[in-house]
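The values are calculated or read from the model by the stated rules, or taken from the named source; none is laboratory data. What you are looking at is a predicted structure, and each value in this text was computed from that prediction instead of being measured. No Cβ is skipped: glycine too gets one built from the backbone with ideal geometry, and neighbour counts run over all protein chains shown. Just so you know, the surface numbers come from the protein's heavy atoms only, side chains and all, with ligands and any DNA or RNA stripped out. Shrake-Rupley method; radii C 1.70, N 1.55, O 1.52, S 1.80 Å.
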Amino acid sequence: MSTDHRRPLLSVESISKSFAGIPALADVNLQIGRGELFALLGASGSGKTTLLRIIAGLERPDSGRIRIEGRDVTGLPAYERPVNTVFQSYALFPHMTVRGNIAFGLKQDRLPRETIEARVREMLELVQMSEYAARRPHQLSGGQRQRVALARSLAKLPKLLLLDEPMAALDRKLREQMRVELVTIQKRVGITFILVTHDQEEALSLASRLAVMERGRIVQVGTPREIYDRPASRFVASFIGQINLFEGRVIERAGGMLTIRPDDGGPDIRATDGAAADVGDAVAVAVRPEKMRVGRAGPGANVRRGLVRHVEFLGESSVVHVEIGAGPRVRVSVPHGNGAAMPSTGDIVEVSWPAEAGVILRN
Amino acid sequence: MTGGREHSLMRAAVLGVPWLWLSAFILLPFSIVVAISLSVATDAQPPYVFGPVLDNYRLIVEDTLYLAALGNAIRIAATSSVVCLFIGYPMAYAIARAQPRWRGPLLALVILPFWTSFLIRIYAWMTLLRPTGLINQVLIDLGIIDAPLQLMNNAFAVHLGIIYAYLPFMILPLYASIERLDPSLLEAAADLGSRPWRRFLSVTLPLTLPGIVAGTLLVFVPAVGEFVIPELLGGPDTPMIGRLLWTEFFNNRDWPVAASIAVALTALLVVPVAILQHMLAPREEAREVNP
């Protein structure tokens with residue numbers, strides 16, 4: 001996977017769009033490189049689908065530019081863009097067979113019949129639907145329809161494939177299977193994919209990079225790891241995975257280490273200085289549940305004492321909900337199988353985490 | 001369970017009502033018409049004696065008058081249906097794609113003429129079209145023409161009347177099928193490189209075909225048998241089979257011939273309609289299952 005950031009495949013420049021005076025996208029900028037599997041992650045109404053539709057040419061932006069390989073395509077209608085889309089509802093043509101659906105885009109280009117037939121066959125094999133070529137969409141299951149929709153939009157070998165919530169209509173088990181398949185297919189065809197999803201698990205597991213959107217803006221762009229480990233805002237931190245937040249104020253900054261006095265009156269928290277925060281700033285210390293432990297950590301770790309309210313069994317691990325004084329209820333993920341004793345409801349325990357585990361979030 | 005018997009009784013009752021209705025108001029009257037068509041006309045009350053004879057059918061096949069009138073009626077009805085389709089499709093499309101709050105009022109406007117009697121509306125056209133009518137008066141007053149145009153009692157007026165009267169029957173089924181068309185299918189077609197006109201031919205048209213067929217039949221079938229419009233707006237050059245039937249029945253008091261025309265016309269129209277419906281049935285089913 002070659003990600004060339006110097007000359008991006010897709011470049012979204014200052015795109016704004018509003019519907020009936022209500023802003024859907026506000027000055028969005030984004031660059032996506034060749035071969036990426038990029039996810040646009042956000043809650044419904046965050047503008048992610050609008051952005052996708054603007055890239056596809058199905059919606060016109062109020063202002064801003066869309067460039068593909070440096071060429072301005074903002075004014076081009078959908079049928080002239082080297083972009084294809086897998087629609088959320090799949091939008092398969094009900095009056096055509098699977099073969100007819102896949103051939104549709106190729107026929108628009110008036111390619112020779114043999115070329116079309118060969119490409120259709122290739123696409124059917126790619127999505128393992130060769131046996132179903134003569135079926136109509138209503139004779140297929142949800143998962144099969146999705147494969148056909150994918151084959152139909154890949155058949156034209158677009159520069160960019162857009163997928164709008166491709167897994168939303170599938171059940172959980174099928175969704176996990178299709179995720180793996182989607183990544184495999186993307187690697188095989190080498191086409192850049194942009195996937196819109198509200199499912200953070202899907203975005204984290206599929207994407208090479210992702211953008212988190214909130215109320216028409218991109219709030220953070222990065223690899224899944226970067227976004228998970230170093231969320232840029234409270235919104236990102238709480239939208240992606242579980243996180244514990246300790247609100248407080250910076251009282252000391254020395255040697256790359258911040259000391260934060262929590263608002264709940266507990267002992268001071270030490271955190272390595274990630275974000276630029278000055279003494280006196282109101283911040284939150286965000287700590288992932290799996291970076292905390294029950295019991296005392298090594299020297300220099302932050303320690304809080306609390307009451308176990310609830311233990312949530314999740315299979316490979318359990319989440320222990322600990323109420324800390326008047327402060328927040330924190331979640332601590334405790335893996336099973338390492339011999340450690342699992343606390344039970346009503347226990348008084350100590351919860352600790354090293355200074356490096358805390359991420360400083362400014363307002 | 002006692003419910004089983006009650007259930008099947010209920011079923012029989014529910015299915016029985018429409019059957020009873022159809023028997024009493026379609027099957028029975030039509031059987032009477034068939035019986036009359038096999039009778040011999042006499043100067044009596046009622047003016048026929050049951051045969052059974054096929055003489056009336058032989059007459060309407062052998063006398064070219066009837067076949068010519070039928071051919072003319074089919075031609076006029078077919079032309080009018082096509083014109084209705086070309087006017088109705090863009091109208092239905094525009095209504096179906098209008099803002100949802102506008103669709104109701106626009107459809108109401110299409111149906112509005114039905115609030116006035118059909119006959120009165122045709123008379124209204126007469127006052128517009130006749131030599132001393134509004135259209136000719138305005139054209140003469142404006143100096144565009146010197147003498148009134150012959151707008152009435154010809155094929156033009158018959159076509160105009162039929163198109164005017166039956167247009168709503170074209171628009172309503174077209175609207176229903178266009179409105180059901182999933183707009184994301186057109187977006188998908190555009191996304192796959194299809195230009196607007198090809199998109200219409202390859203997606204919109206085939207998927208709204210049931211509406212086109214329904215609308216065309218709803219205009220064509222009654223138009224073939226139409227007699228009020230050719231009677232009031234038509235002339236000697238526009239014999240139509242419905243008008244001939246009316247003449248046979250009321251003027252010539254030849255009930256058997258009139259009845260045989262009615263039976264032949266029904267058979268001629270019902271058979272192709274049944275075949276078309278049978279052909280389109282699987283398509284309808286496919287549309288409904290698709291998400």
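The spread of Cα positions in segment A:42-120, taken along each principal axis and listed from longest to shortest, comes to 42, 30, 17 Å. Rounded to the nearest 0.05, the FRET efficiency derived from the C-beta distance between residue B:19 and residue A:309 at R0 = 60 Å is 0.30. Normalised by 2.2 N^0.38 Å, where N is the number of residues, the alpha-carbon radius of gyration of segment A:242-361 equals 1.05. Report, in degrees rounded to the nearest 10, the 0 to 90 angle that the Cα long axis of helix A:172-189 makes with the longest principal axis of chain A. It works out to around 60 degrees. Between A:129, A:92, A:102, the Cα set farthest toward the positive side of the dipole of segment A:76-136 (charges on each charged residue's Cβ, about the Cα centre) is that of A:92. Take residue B:7: with every protein chain present and a 1.4 Å probe, its accessible area is about 120 Å². Relative to the longest principal Cα axis of chain A, at what angle does helix A:98-108 sit, 0 to 90 degrees, rounded to 10? The two axes meet at around 70 degrees.
Taking Cβ atoms as reference points and 15 Å as the exclusive limit, the residues near residue B:107 contribute a net charge of +3, counting Lys and Arg as +1 and Asp and Glu as -1.
When the Cα convex hull of segment B:72-137 is projected onto planes of every orientation, the mean area is 6.4 nm². Axis angle, to the nearest 10 degrees, between helix A:142-154 and the longest C-alpha principal axis of chain A: 70 degrees. Residues B:184, B:80 ordered from highest to lowest accessible area at a 1.4 Å probe: B:184, B:80.
Between residue A:225 and residue A:80, the FRET efficiency from the beta-carbon distance, with R0 = 41 Å, is close to 0.65. Return the FRET efficiency for the residue pair residue B:101, residue B:277: r is the Cβ-Cβ distance, R0 is 35 Å, and the value is rounded to the nearest 0.05. Efficiency, from the Cβ-Cβ distance: 0.55.
Over chain B, all Cα pairs binned in 10 Å intervals from 0 give whole-percent P(r) values of 6, 19, 25, 24, 17, 8, 2, 0, 0, listed from short to long. Principal axis analysis of the Cα atoms in segment B:134-212 yields extents of 58, 25, 17 Å, listed in decreasing size.
Which of the DSSP-defined H helices in chain B satisfy a minimum axial length of 20 Å, computed from C-alpha atoms, and a minimum mean Kyte-Doolittle hydropathy of -0.5? Provide the component values of the computation, followed by the final result.
Working: long enough: B:3-22 (29 Å, 0.40); B:64-96 (45 Å, 1.39); B:155-180 (37 Å, 1.25); B:209-224 (22 Å, 2.15); B:255-289 (50 Å, 1.03).
Span-like helices here: B:3-22, B:64-96, B:155-180, B:209-224, B:255-289.
Here the relative contact order of segment B:67-289, from alpha carbon pairs under 8 Å that lie six or more residues apart, stands at 28 percent. Here segment A:98-213 is treated as a sphere whose radius is the Kirkwood value from Cα pairs; by Stokes-Einstein at 4 °C and 1.567 mPa s it diffuses with a coefficient of 87 µm²/s. Shape of chain A from its Cα gyration tensor (a ≥ b ≥ c, root eigenvalues): rounded if a/c is under 1.5, otherwise prolate when a/b > b/c, or oblate? Prolate. For the set B:126, B:170, solvent exposure ranked by accessible area (probe 1.4 Å, protein chains only) runs largest to smallest as B:126, B:170. Note on segment B:184-243: the C-alpha convex hull projects to 5.9 nm² when averaged across all orientations.
As a ratio to 2.2 N^0.38 Å, the alpha-carbon radius of gyration computed for the protein assembly as shown takes the value 1.44. Sites count as exposed loop sites when they are trypsin sites (Lys or Arg not before Pro), lie in a DSSP loop, and have at most 13 other Cβ atoms within 10 angstrom; the longest stretch of chain A without one is A:111-295. Under the convention that each Lys and Arg Cβ holds +1 and each Asp and Glu Cβ holds -1, the size of the dipole of segment B:57-193 around its Cα centre is about 300 debye. Of all lysines in the structure, those lying under 29 Å Cα to Cα from residue A:291, and not within fewer than 8 positions of it along the same chain, are A:173.
In a shell of Cβ-Cβ distance under 13 Å around residue A:312, excluding residue A:312 itself, what net charge do Lys and Arg (+1) and Asp and Glu (-1) give? Show your work: numbers first, answer last.
On the way: positive: A:309, A:329, A:331; negative: A:316.
So the environment of residue A:312 carries a net charge of +2.
Put a dot 7 Å past the Cα of residue B:144, heading toward its Cβ, do the same for residue B:40, and the two dots end up 6.0 nm apart. Each label was represented as a point 7 Å from its Cα along the Cα-to-Cβ direction; for residue A:205 and residue B:55 these points are 8.7 nm apart. Annotation for residue A:234 and residue A:252: the two label points, set 7 Å from Cα along the Cα-Cβ direction, are 2.7 nm apart. Of the GluC sites (Glu not before Pro) found in segment A:1-92, those in coil by DSSP whose Cβ has at most 15 other Cβ atoms within 10 Å are A:69. Using the structure shown, select from A:48/A:159; A:17/A:187; A:17/A:156 the pairs with a Cα to Cα distance greater than 23 angstrom. Table pairs above 23 Å Cα-Cα are A:17/A:187; A:17/A:156. In percent, rounded to a whole number, the relative contact order of segment A:10-236 is 29, using alpha-carbon pairs under 8 Å and six or more apart.
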